[in-house]
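Asker: One structure, as structure tokens, below. Some questions next.
None of the figures in this text is laboratory data; all of them are computed from the coordinates on show. Note that the structure is a prediction, hence the values are computed from the model and not measured. Don't worry about glycine lacking a Cβ; one is built from the backbone with ideal geometry, like all the others, and counts go over all protein chains shown.
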Amino acid sequence: MNPYLELLIAFNIVVGAFFIAVGSYGLIKFPDLMSRLHGPSKATTLGVGGCLVASMLHVAALEGRLSIQEPLITFFLFLTAPVTAHFVAKAHLHTQVDPETELPRPPGRYGWSTFESVEDEAESAENQPAKIS
Amino acid sequence: MIDYALIFGFVAISAALMMNLWRLAAGPTVMDRVVAVDTIVVNIIALIILYGIWVQTTLYFESALLLAMFSFISTVACCRFVLRGDVIE
């Protein structure tokens, strides 16, 4: 195998494993869940991406073809990590956080969209017409 | 050279898995444990990929892809259950 290619594969493996360890260390180090989400959703995804790039280069050097599985896994992981983090943050907001006291009020007419919707606002306005006039 | 990098990778990812197990055991809320399980599965995917480089085979990529899909679906199902009290409404 080409020594420069071997060096590139080893570099990708080391960087990927380092970022995976850093993300998992952040998971046990940070104080609350909203901070803890940063480690797995960013650093660990980057680490897995590094390992997958190394594996793709290794297969290309070993068999002389481009394999399709590693780009699929990378694409899938990079697509699903933000969705997972968003769902976890939303569940955390609804179970642990009081929106009246712990969250700042957003500017504009409406509050946080995950807690109150425009339809709720319209219904309450219909029920109390004296309040808006 | 790849062998030394792979040994470093195995050690680092195993240490990362131990840290995730700590968070899984000690996490104060349910969502902490969900994040810990999701991170464990991502780390296992990386471990499978590195093992595939180690034994020089492409046999394990499909299992890594399946684990990625199951991780996403189970995490979303847990979050839906915590949010709504039901997975499919």
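Asker: Can you give me the number of residues within segment B:53-89 that are assigned to a helix (DSSP H, G or I), within 7 Å of chain A (Cβ to nearest Cβ) and of a type in the set (Ser, Thr, Tyr)?
Answerer: Residues flagged as assigned to a helix (DSSP H, G or I), within 7 Å of chain A (Cβ to nearest Cβ) and of a type in the set (Ser, Thr, Tyr) within segment B:53-89 amount to 1.
Asker: On to the next question. Please list, ordered by first then second residue, the pairs with beta carbon atoms under 7 Å, 6 or more apart or interchain, first in segment B:22-41 and of a type in the set (D, E, K, R), second crowded, with 17+ Cβ neighbours inside 10 Å and not in a helix (DSSP H, G or I).
Answerer: B:Arg33/B:Gly27
Asker: Check whether at least one residue in segment A:20-30 is more than 22 Å from B:Met31 (Cβ to Cβ) and within 22 Å of the chain's Cα centre (by Cα), and report yes or no.
Answerer: yes
Asker: Residues of segment B:1-35 being facing chain A (nearest Cβ under 7 Å) and aliphatic (A, V, I, L, M), which ones?
Answerer: B:Met1, B:Ile2, B:Ala5, B:Leu6, B:Ala12, B:Ile13, B:Ala15, B:Ala16, B:Met19, B:Met31, B:Val34, B:Val35
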